[in-house]
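To keep things clear, I will list the structure first and then write my remarks on it.
The values are calculated or read from the model by the stated rules, or taken from the named source; none is laboratory data. Nothing here was measured: the structure is a model prediction, and the numbers come from that model. Cβ: placed from backbone, ideal geometry, glycine included. Neighbour counts: every protein chain shown. The area values use the complete protein model at the heavy-atom level, side chains included, leaving out ligands, DNA and RNA. Shrake-Rupley method; radii C 1.70, N 1.55, O 1.52, S 1.80 Å.
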Amino acid sequence: MSEIPLQQHSAPSGEQMTVRDLASCPPPERWHDWVEYDARAWPRKVEKHYEIIPTICFNCEAACGLLAYVDKETGRVKKFEGNPYHPGSRGRNCAKGPATINQVNDPERILYPLKRAGKRGEGKWERTTWDEVLETFAGKIRAAIVEGRRDEVMYHVGRPGHDGYMERVLGAWGVDGHNSHTNVCSSSARFGYQLWCGADRPSPDHANARFILLISSHLETGHYFNPQAQRIIEGKMKGAKLAVMDPRLSNTASMADYWLPTWPGSETAVLLAMARIILLEKLYNRAYMCRWVNWQEFLAAEHPGEPQTFDRFIEVLIDLYAEYTPAFAAQESGLPEETIIDIARQVGHAGTAFAAHTWRAATAGNLGGWQVSRALWFLSVLTGSIGTPGGTALNTWNKFVPAPFLKPSPSEAWNELLFPPEYPLANYEMSILLPYFLREGRGKLAAYFTRVYNPVWTNPDGTSWIEMLTNEQQVELHAALTPVWSETAWYADYVLPMGVGSERHDLMSQETHAGRWIGFRQPVLRVYKERHGEPVQFTYQANPGEVWEEDEFWIELSWRIDPDGSLGVRKYFESPSRPGQKLTIEEYYRWIFENSVPGLPEAAAREHLSPLEYMRAYGAFEIPQEKAPVFTLNERELKDLEGAQIDETTGKITRDGTTIGVLIDGKPCEGFPTPSRKLEFYSPTLKEWGWPEYAIPGYIHSHVHRAAVNHERGEYLLIPTFRLPTLIHTRSGNAKWLYEISNANPVWTHPTDAERIGVQTGDLVRVTTEIGHYVNRAWVTDGIRPGIVACSHHLGRWRLETSQGTDRWASALVELHKTQDGTWHMRQLQGTLPFESDDPDSARIFWREGGVHQNLTFPVHPDPVSGMHCWHQKVTVEPAHPEDGYGDVYVDTRKAYKVYKDWLAMTRPQTHRPDGLRRPLWMIRPYRPSASAFKR
Ligand code: SF4
């Protein structure tokens with residue numbers, strides 16, 4: 001055989017590599033027939049021919065590129081590797097990307113729609129047809145729409161995996177029914193960012209930074225794990241210094257120049273102390289702050305009798321933060337004073353090349369955690385590093401969501417199950433409170449979809465979710481749309497199998513770096529068949545069994561909700577090119593690629609392809625910066641001022657009552673999407689909406705502040721929020737390679753604490769929370785601060801039947817029962833055991849315990865301002881009792897309800913506002929109803 005010239009990663013036309021160079025990546029011109037030697041045939045050289053089809057990983061939010069290798073002999077996907085032409089991931093993946101092949105071939109996967117045959121949760125299932133599923137749900141939803149019960153339709157999503165598709169579907173139905181998992185995830189971090197700049201996610205340019213500060217490692221170990229982690233290392237290799245604030249020595253902290261094991265919740269105090277040092281030592285970017293911070297608004301409102309000058313503003317700042325000395329921050333956090341000072345100076349000297357990020361972790365763990373992201377952004381503002389090369393941009397500057405054809409008008413409905421009056425500022429839906437709201441009679445659900453979402457397992461107080469899901473008055477009809485069994489699917493009426501990452505269409509973009517791109521997830525076997533002349537009408541015809549892709553499910557369902565078009569729903573699901581005909585999924589994406597992605601049609605034309613063909617061929621497209629610039633977009637000049645008015649005092653530029661920009665040094669600029677169009681150090685919103693004491697960045701004592709945890713009485717702070725980089729919330733139970741790597745979640749315990757408790761690694765401990773306890777093994781390690789224990793999420797999956805329910809690769813067989821007095825008890829009957837299946841590896845399972853489900857023992861802790869569940873727990877840790885067994889869980893839901901009421905009492909509802917608003921109009925909502933719906 002002649003040697004095949006290949007392309008190198010970074011050299012588009014390299015010619016040095018051969019088929020024997022395993023480090024190479026196949027060049028696109030050879031993707032139609034890629035040849036490798038069959039490893040199993042070694043030492044013989046047997047050629048295997050593959051067709052390579054790009055798609056997008058669905059195993060976290062980062063949306064990295066994958067290449068599927070379809071074996072031309074069998075027509076099956078052989079493996080997944082990275083797509084070097086994907087701008088975000090650049091050919092690299094974490095372990096979860098290639099493990100997609102496990103999910104495709106999982107012998108435990110659900111291949112046909114199932115309908116319950118007994119009571120909910122009884123575990124009796126029968127196969128049904130998609131036709132029956134669609135008719136049943138269409139009837140329920142149509143009735144709810146026609147009868148004006150639009151708030152009884154709810155779509156509750158875990159991992160979206162797409163941009164904009166479902167918002168369009170729900171908008172077409174006219175329901176305010178989008179619920180998400182975000183208030184167990186990121187709503188607090190988002191809130192802090194949004195207060196400052198109007199966007200609720202940051203986008204650091206790590207690769208070009210001089211100093212990088214991360215609050216916890218959640219980003220690198222779980223969120224945009226691969227794309228951002230590789231750029232952090234790139235930045236470090238160019239000389240950047242990295243500091244990580246995390247009480248746990250994470251993978252990222254172990255790579256850092258500074259590991260800062262702060263007491264959880266004290267991060268804000270440390271960041272404000274750093275801000276004060278930057279101010280005192282005049283390291284701040286005076287010109288930037290003077291132009292872009294709303295200091296005039298602050299002085300006018302809070303210091304009206306004083307000079308309205310920038311110099312006075314700086315003096316006031318120094319006064320305001322006088323108490324945040326290094327000594328105070330050191331006392332709160334446990335960090336050395338000199339380290340705090342050192343890092344503050346390095347941040348100041350990094351100037352516009354200071355990159356910073358926080359997500360989940362400290363923000364998600366603590367009461368008032370949103371002040372952590374707010375204080376961190378304060379450092380970015382002080383250094384003038386917002387959206388600069390090496391700085392931190394708004395996510396909206398680096399993410400690109402193309403518009404679809406025919407966008408529905410915003411709904412007139414407002415669903416108080418999602419945005420209740422107690423939480424007018426909640427950054428996302430008050431998702432975790434749904435069981436209590438239904439119990440209190442605030443509403444009911446006629447049709448409830450959980451989609452890649454497992455609240456029974458993921459959310460705090462999961463047994464309250466079981467109580468809700470088994471109550472047919474509260475939830476009349478429930479479908480779990482999921483590629484894999486879950487604890488929640490067990491309590492559904494229908495379990496509807498959906499495609500994994502290589503079996504569906506989705507369009508995704510993420511703020512992975514200073515650039516903009518879109519990625520096209522596509523059903524690999526459908527594309528393969530179509531390329532080989534085999535027409536496929538629906539993706540399920542190419543997928544295993546009857547696994548549907550959701551895009552097509554929603555089109556079909558929408559047609560059945562409105563078969564004659566009289567409800568005004570159907571028109572959104574009609575073809576843009578064949579009037580009155582049903583939209584195909586190909587038409588949907590073709591329209592977007594042809595009309596909504598700048599530069600794509602031209603790039604495609606250069607290769608004699610249509611835009612859709614281009615995306616099918618490469619799987620991703622980077623939007624040229626001249627079409628979509630990414631830096632300092634606040635400075636963009638407003639060109640069209642016709643009909644606009646300029647407020648002489650504030651510089652705000654408005655048209656028809658809407659603020660469109662701000663005058664800066666005489667230039668009309670777009671500014672930031674805040675009410676002032678500037679960076680809001682001072683938040684009039686918080687003041688007007690009941691929280692005047694938080695109008696500027698400040699320090700809120702966490703519910704697990706050091707003073708609240710009495711170490712002498714055996715109390716500890718439990719961190720339950722960190723994830724292992726090789727697992728996916730509750731979707732890796734179907735990936736055998738991942739479970740082989742990580743299959744236990746012991747309780748991290750510092751040696752001094754282990755000695756105090758009287759345990760060693762491997763001993764059983766009982767961890768007691770406010771509402772119950774769990775039993776797990778201790779892992780004694782120096783990688784955690786004394787006084788703190790930590791237990792990762794993702795592990796401790798369970799099932800209620802021997803061979804059905806959650807994947808057996810990952811779950812223990814348990815018994816779970818509720819007693820008369822409202823307490824729940826779980827006991828493991830069997831750990832993970834080998835089992836017989838089509839995959840011989842299932843008989844080789846060597847791990848036995850599989851982890852412990854800790855979230856069941858946590859009550860809800862909704863932050864009264866941001867609405868975020870505050871995950872950290874004050875616990876006692878002691879040696880297990882004689883009657884305890886590994887994996888035992890005990891919960892008292894009556895106590896859980898009381899804790900919910902206690903936290904609810906901390907809110908300040910704004911139900912009697914003169915303007916009648918339920919929520920500030922400028923604040924983000926993931927699915928946004930009309931402005932009139934914001935009024936009561
Ligand atoms: S970081 Fe890993 S899991 Fe996430 S999209 Fe990339 S490869 Fe997939």
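Some values worked out for this structure:
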{"quantity": "Furthest towards positive pole of dipole, TRP377, ILE318, LEU600, structure part the chain, Cβ charges", "calculated": "LEU600"}
{"quantity": "For the chain: relative contact order, % (alpha-carbon pairs under 8 angstrom, 6 or more apart)", "calculated": "16"}
{"quantity": "Cut-off 20 Å (backbone N to label point 7 Å along Cα→Cβ of LYS901), residues of segment 867-895", "calculated": "891-895"}
{"quantity": "Extension gain, SER409 back to ASN471 (0.36 nm per residue minus Cα-Cα distance, nm)", "calculated": "18.9 nm"}
{"quantity": "Residue-averaged 222 nm ellipticity for the chain, from DSSP H runs of 4+ at -39500 (n - 2.57), nearest 500", "calculated": "-7000 deg cm²/dmol"}
{"quantity": "Accessible surface, the chain, averaged per residue in Å² (probe 1.4 Å)", "calculated": "35"}
{"quantity": "Electrostatic dipole magnitude of segment 532-596 [Cβ: Lys, Arg +1; Asp, Glu -1; Cα centre; debye, to 20]", "calculated": "280"}
{"quantity": "Cα-projected label distance for TRP691 with ARG286, points at 7 Å along beta-carbon direction, nm", "calculated": "3.4"}
{"quantity": "In segment 794-887, the chymotrypsin sites (Phe, Trp or Tyr not before Pro) that fall in loop regions by DSSP, at most 10 other Cβ within 10 Å", "calculated": "PHE846"}
{"quantity": "Inter-label distance, nm, simple model (7 Å from Cα along the C-beta direction), ASP131/MET237", "calculated": "5.8"}
{"quantity": "Dimensionless Rg ratio for segment 138-189, taking C-alpha atoms and the 2.2 N^0.38 Å reference", "calculated": "1.28"}
{"quantity": "Added length on full extension, which subtracts the Cα-Cα distance from 0.36 nm per residue, GLU642 to TRP737", "calculated": "28.2 nm"}
{"quantity": "Largest-first principal axis extents of the Cα set of the chain (Å)", "calculated": "79, 72, 66"}
{"quantity": "Alpha-carbon centroids, segment 826-857 and segment 867-899: separation in whole Å", "calculated": "22"}
{"quantity": "Shape call, segment 445-529: gyration tensor on alpha carbons, a/c limit 1.5", "calculated": "prolate"}
{"quantity": "Rg followed by Dmax, in Å, when segment 273-364 is reduced to its Cα trace", "calculated": "14.9, 41"}
{"quantity": "Segment GLN537-ARG908, length gained on full extension (0.36 nm per residue, minus Cα span)", "calculated": "128.3 nm"}
{"quantity": "For segment 170-255, projected area of the alpha-carbon convex hull averaged over all directions, nm²", "calculated": "7.5"}
{"quantity": "Pairwise FRET efficiency - GLN760 versus TRP847, Cβ, R0 = 25 Å, nearest 0.05", "calculated": "0.75"}
{"quantity": "Straight-distance crosslink candidates among aspartates and glutamates, where the alpha carbon sits under 20 Å from LYS627 and sequence neighbours closer than 8 are dropped", "calculated": "ASP205, GLU511, GLU594, GLU602, GLU607, GLU635, GLU637, ASP640, GLU670"}
{"quantity": "Unit charges on C-beta of K, R, D, E only; dipole of segment 266-358, Debye", "calculated": "400"}
{"quantity": "Over segment 280-324, volume per residue of the alpha carbon convex hull, in Å³", "calculated": "75"}
{"quantity": "Carbon + sulfur, % of accessible area of segment 650-798 - ligands and nucleic acids excluded, 1.4 Å", "calculated": "51"}
{"quantity": "Percent carbon-and-sulfur accessible area, segment 411-477, ignoring ligands, DNA and RNA, probe 1.4 Å", "calculated": "44"}
{"quantity": "Accessible area (Å², 1.4 Å probe, nearest 10) - SER577", "calculated": "80"}
{"quantity": "Dimensionless Rg ratio for segment 826-901, taking C-alpha atoms and the 2.2 N^0.38 Å reference", "calculated": "1.56"}
{"quantity": "Neighbour-limited loop hits for trypsin sites (Lys or Arg not before Pro), segment 190-297 (at most 13 other Cβ within 10 Å; DSSP other than H, G, I, E, B)", "calculated": "LYS238, LYS282"}
{"quantity": "Rule-of-thumb Rg ratio for segment 323-477 [Cα; 2.2 N^0.38 Å; N residues]", "calculated": "1.46"}
{"quantity": "Part-to-part distance (alpha-carbon centres) for segment 133-198 and segment 471-538, which is given in Å", "calculated": "16"}
{"quantity": "With all protein chains modelled, accessible area of GLU613 [1.4 Å, Å²]", "calculated": "100"}
{"quantity": "Three-way shape call for segment 536-660 based on the alpha-carbon gyration tensor, with the a/c threshold at 1.5", "calculated": "oblate"}
